[in-house]
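Visitor: Sharing a structure below in structure tokens format, with a few things to ask.
The values are calculated or read from the model by the stated rules, or taken from the named source; none is laboratory data. Owing to the predicted nature of the structure, the values given are computational and were not obtained by experimental measurement. Ideal geometry is used to build each Cβ from the backbone, glycine not excepted, and the neighbour counts take in all protein chains shown.
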């Protein structure tokens, strides 16, 4: 009985500490610089630090992580000092100079809005849909908007239809948005995303 009570007290103490250390995301939070293998590492503010990343490129250069992630593999030392090698494509993202970048579409894109729903832009390769008889390039580059849902770890096109789905759990916001005229919705989806994040903050560790 005493052991059970002691275990309960320890778990309760750990839970209280976690609640104290976990705070809503804000730009003022001091995020450690380094690589994130997963989104969970970002939330915990526990990236692979720069001094454990194996590279010949100077770590004090602002583009250090840009250079490191241009390669197919990234090598780093784990907590035991043993070198680990992972595919760059498997990384979730990184933090550098107070900016959070997410790995998407074979490049690392800065999150312009961070929360339960994260907003970013990325350049994608599009096809003209018509074969070129002269053998010329039938593709072109286009900058598009995306939203990352931290609850499902999925990326969606940033548009009215997807935002309707992503905020569906908030009945009040959803009903107000659905009541708007169709032509007005595209102009307010970024404000909608920001307000949703304010109402449903993303909790991270300091």
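Visitor: So if I check each of 190, 203, 146, which one is touching a residue at least 40 places away in the same chain (Cβ under 8 Å) and more than 30 Å from residue 64 (Cβ to Cβ)?
Guide: Values: 203 fails: more than 30 Å from residue 64 (Cβ to Cβ); 146 fails: more than 30 Å from residue 64 (Cβ to Cβ).
Being touching a residue at least 40 places away in the same chain (Cβ under 8 Å) and more than 30 Å from residue 64 (Cβ to Cβ) holds for just one of 190, 203, 146, which is 190.
Visitor: In addition: Just to be sure before I move on: is residue 136 modelled with pLDDT under 95, farther than 21 Å from residue 102 by Cα, out of contact with any strand residue (DSSP E or B) (no Cβ under 8 Å at 6 or more places or on another chain) and part of a loop (DSSP other than H, G, I, E, B) in the structure I sent? Give the steps one after another, and end with the answer.
Guide: Numbers: modelled with pLDDT under 95: yes; farther than 21 Å from residue 102 by Cα: yes; out of contact with any strand residue (DSSP E or B) (no Cβ under 8 Å at 6 or more places or on another chain): yes; part of a loop (DSSP other than H, G, I, E, B): yes.
Spelling it out, residue 136 is indeed modelled with pLDDT under 95, farther than 21 Å from residue 102 by Cα, out of contact with any strand residue (DSSP E or B) (no Cβ under 8 Å at 6 or more places or on another chain) and part of a loop (DSSP other than H, G, I, E, B).
Visitor: Looking at segment 48-58, is at least one residue in contact (Cβ under 8 Å) with a residue 24 or more places away in the chain, surrounded by 15 or more Cβ atoms within 10 Å (Cβ to Cβ) and under 16 Å from the mean Cα position of the chain (by Cα)?
Guide: yes
Visitor: Right, something else. Among the listed residues 158, 108, which satisfies the condition of being over 28 Å from residue 21 (Cβ atoms) and in contact (Cβ under 8 Å) with a residue 24 or more places away in the chain?
Guide: On the way: 108 fails: over 28 Å from residue 21 (Cβ atoms).
One residue alone meets the criteria, 158.
To keep it simple, each residue is scored yes or no on (1) outside any loop (DSSP other than H, G, I, E, B); (2) modelled with pLDDT of 95 or more.
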{"position": "67", "(1), (2)": "yes, yes"}
{"position": "70", "(1), (2)": "no, yes"}
{"position": "74", "(1), (2)": "yes, yes"}
{"position": "79", "(1), (2)": "no, no"}
{"position": "86", "(1), (2)": "yes, yes"}
{"position": "89", "(1), (2)": "yes, yes"}
{"position": "95", "(1), (2)": "yes, yes"}
{"position": "100", "(1), (2)": "yes, yes"}
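Visitor: Restricting to segment 11-25, count the residues that are in contact with a strand residue (DSSP E or B) (Cβ under 9 Å, 6 or more places away or on another chain), surrounded by fewer than 17 Cβ atoms within 10 Å (Cβ to Cβ) and either at pLDDT 80 or above or over 28 Å from residue 195 (Cα atoms) (or both).
Guide: Count: 4.
Yes/no per residue for (1) within 28 Å of residue 188 (Cβ to Cβ); (2) touching a helix residue (DSSP H, G or I) at 6+ places or on another chain (Cβ under 9 Å); (3) at pLDDT below 95; (4) not in a strand (DSSP E or B):
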site: 45; (1), (2), (3), (4): no, no, no, yes
site: 57; (1), (2), (3), (4): no, yes, no, yes
site: 112; (1), (2), (3), (4): yes, no, no, no
site: 124; (1), (2), (3), (4): yes, no, yes, no
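Visitor: Restricting to segment 161-181, name every residue that is touching a residue at least 12 places away in the same chain (Cβ under 8 Å) and either surrounded by 16 or more Cβ atoms within 10 Å (Cβ to Cβ) or in a helix (DSSP H, G or I) (or both).
Guide: 162, 163, 164, 166, 167, 173, 177, 178
Visitor: Kindly indicate whether any position in segment 71-87 is within 19 Å of residue 155 (Cβ to Cβ), surrounded by 13 or more Cβ atoms within 10 Å (Cβ to Cβ) and in contact (Cβ under 8 Å) with a residue 24 or more places away in the chain. Quick ask: steps written out before the conclusion?
Guide: Within segment 71-87, the subset within 19 Å of residue 155 (Cβ to Cβ) is 87.
This time we only want the ones that are surrounded by 13 or more Cβ atoms within 10 Å (Cβ to Cβ), so: none.
No - not one qualifying residue is present in segment 71-87.
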